[in-house]
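All remarks here apply to the structure that follows.
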Amino acid sequence: MHQRCEQNEEGFALYLAIGFIVLISVLAGSVGTRLNIASLSEARQTDRRLALDDAEASLSQAWGDLSVQFALDDTWPAAASSASDSDVVSDRDKCLAAHETNMTGFYASARASNGDRARRYFLKRDGSTYRLYGCGFDAKGTRAAFGLYDVSGNVLSLNRLRRY
């Protein structure tokens, strides 16, 4: 009887060890999966952040150009020559369609490209306001930064900023 009890205890210890190994394997696999998912999510956010950085840089360039040109001619960009490259219509549609009902009359800057990323800005005067869009384009889509500036005499003042 004593020998039978030892065999049962050895069998129980063996099952317990196997169960422990399986549990550790499942937990390690779960942790590995979560780390992979977290890494992929962080990489996606970094990619989207680069497009937003491009959009914000374009908005900043639009503000700089507007400031200089407005000081020289307060009707600018009415008579300015807009960019006319092959991507201008597609870029305007990607950047403005979700935010503007009338996309005509926007001045388009030259397109700046860096690998699979690109950026440009669009600017339009509506009465006493300027609508500025900085756009960042990449393989995953388009990001936009928007600025609305009011004209009062010879002064431009910021009314609203947004990121899309």
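Only protein heavy atoms count here; on that basis, with a 1.4 Å probe, residue 106 has an accessible area of about 20 Å².
Ordering of 143-154, 51-62 by packing is 51-62, 143-154, highest average first (other Cβ atoms within 10 Å, averaged per residue).
Protein heavy-atom accessible surface, 1.4 Å probe, per residue over region 48-164: 52 Å². Computed from the C-beta positions of residue 67 and residue 33 and an R0 of 45 Å, the FRET efficiency is 0.30 to the nearest 0.05. Across region 84-164, C-alpha contacts under 8 Å between residues 6 or more apart give a mean separation that, scaled by the residue count, equals a relative contact order of 19 percent.
Hey, got the dipole for region 62-105? About the Cα centre, +1 on K and R Cβ, -1 on D and E Cβ, debye to the nearest 20?
Using Cβ point charges on Lys, Arg, Asp and Glu, region 62-105 gives about 80 debye.
Computed from the C-beta positions of residue 160 and residue 113 and an R0 of 45 Å, the FRET efficiency is 0.95 to the nearest 0.05.
The values are calculated or read from the model by the stated rules, or taken from the named source; none is laboratory data. Everything quoted here is computed from the prediction, not taken from an experiment. Cβ: placed from backbone, ideal geometry, glycine included. Neighbour counts: every protein chain shown. Calculation scope for accessible area: heavy atoms of the full protein, side chains included, ligands and nucleic acids excluded. Shrake-Rupley method; radii C 1.70, N 1.55, O 1.52, S 1.80 Å.
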